[in-house]
Every structure is written in structure tokens, then in C-alpha cells.
1. So if I check each of V74, V82, which one is among the aliphatic types (A, V, I, L, M), surrounded by 12 or more Cβ atoms within 10 Å (Cβ to Cβ), closer than 19 Å to G148 by Cβ and without any contact (Cβ under 8 Å) to a residue 40 or more places away in the chain?
2. For residues that are aromatic (F, W, Y) and open to solvent by 30 Å² or more (accessible area, probe 1.4 Å), scanning just the range 1-53, find the one that is farthest from V131 (Cα to Cα).
3. Suppose we filter Q152, Q123 for residues that are part of a loop (DSSP other than H, G, I, E, B) and in contact (Cβ under 8 Å) with a residue 12 or more places away in the chain; which single one remains?
4. Which is at negative phi, at pLDDT below 95 and in a helix (DSSP H, G or I), of L140, L130?
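The values are calculated or read from the model by the stated rules, or taken from the named source; none is laboratory data. These numbers were taken from a predicted model, which means no experiment stands behind them. Cβ placement follows ideal geometry from the backbone for every residue including glycine, while neighbour counts extend to all protein chains displayed. Keep in mind that these areas ignore ligands, DNA and RNA; they rest on the heavy atoms of the full protein, side chains included. Shrake-Rupley method; radii C 1.70, N 1.55, O 1.52, S 1.80 Å.
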Amino acid sequence: MDTRFDMFDNEIAMKFAKRFANAGMVIQQSPLPAATQELVSLRASQINGCGWCIDMHTKEAVAAGESAVRLNLVAAWRESTVFTEAEQAALALAEEGTRLADAHQGVSDETWAQVRRHYDDDQIAALIALVALINAANRLAVIVHQRGGSYQPGMFAAAFD
């Protein structure tokens with residue numbers, strides 16, 4: 001399956017992508033731990049079946065020093081011992097915030113309480129924005145069939161310098 005539309009080769013799409021990347025920079029520069037940001041992005045991308053984003057966030061996490069064991073266990077984080085309670089709360093929020101159509105109540109009170117227990121307001125703001133942003137990115141890439149496999153660490157950031 002070929003990419004349907006090159007979002008990097010269209011003026012309007014590039015204007016949008018630059019603003020989208022700027023929103024991502026707000027999250028990257030937030031006090032939400034970088035490892036948590038990559039784990040959340042990876043988990044939402046797995047749920048949404050976005051090969052491009054799975055490729056990107058796996059490779060960015062590896063480049064930042066994340067272990068293969070933790071990356072391999074993200075899809076089964078509830079059945080593993082390698083994530084902190086804070087990371088588990090963030091992963092639960094990512095799943096529930098991604099699967100809105102599957103859970104009519106959205107994010108559960110239990111998950112919200114765990115997030116509040118482990119993160120301060122600035123981190124929560126970044127986490128909520130991250131879940132929204134990665135879901136939007138997944139949709140963009142899936143719609144145009146942007147396939148995974150060719151991403152190189154730092155490639156996305158370099159496209160907007």
C-alpha cells in the first residue's frame with residue numbers, strides 16, 4: 001500500500017504540520033518525563049494501528065536510552081513489572097483517552113485518581129495534551145497511509161528547523 005498523500009510536499013499541509021510540531025514542543029518542554037511521553041505516544045499509536053508513529057516513537061525512545069524490554073512490553077503493560085506506578089497511570093489514561101468510542105464514560109474516575117496521585121497540574125496538562133496530540137497524529141498518518149519503517153531519530157524535528 002503506497003502513501004496516498006505526501007503531507008510534507010503540500011504548502012497547506014506543511015503550514016499545519018509546523019503548527020502541530022509547535023504544539024508538540026510545548027509538551028516536550030513540559031515537566032512531564034520524556035520517557036513517559038514516548039511510552040504514552042507509543043501505546044496510543046499501537047491502539048490506533050499507526051505504523052509511522054510506532055516507528056517514530058520506538059526509535060526516538062531508543063535514541064533517548066529507553067530499554068528494549070520496556071518498549072516491547074508497552075502493549076502488555078498491565079502484565080509486566082517494568083513500569084512505575086506513575087507510568088502505569090499515564091498508560092491507563094492514554095488507553096482510555098484513545099478508546100473513547102469503546103468506553104462511553106471516557107477516562108474512568110479510578111484512572112483519573114491515579115493520574116492525580118502521581119502528577120502535578122503542569123504534568124497533567126501536558127499528559128492530556130499529549131494524548132490528544134498523538135491521537136490526532138495517528139489519524140493524520142493512518143488516513144494518508146504513512147507507513148512505518150523509514151523513520152530516523154530526530155527526523156521529524158529536523159523537518160521543522
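1. Step by step, each of V74, V82 is checked, and only V74 is among the aliphatic types (A, V, I, L, M), surrounded by 12 or more Cβ atoms within 10 Å (Cβ to Cβ), closer than 19 Å to G148 by Cβ and without any contact (Cβ under 8 Å) to a residue 40 or more places away in the chain.
2. First, pick out the residues of the range 1-53 that are aromatic (F, W, Y): 5, 8, 16, 20, 52.
So of that shortlist, the ones also open to solvent by 30 Å² or more (accessible area, probe 1.4 Å) come out as 5, 8, 16, 20.
Values: F5: 25, F8: 23, F16: 19, F20: 14 Å.
By that ranking, first place goes to F5.
3. On the way: Q123 fails: part of a loop (DSSP other than H, G, I, E, B).
Criteria check complete, one pass: Q152.
4. Values: L130 fails: at pLDDT below 95.
Only one candidate qualifies: L140.
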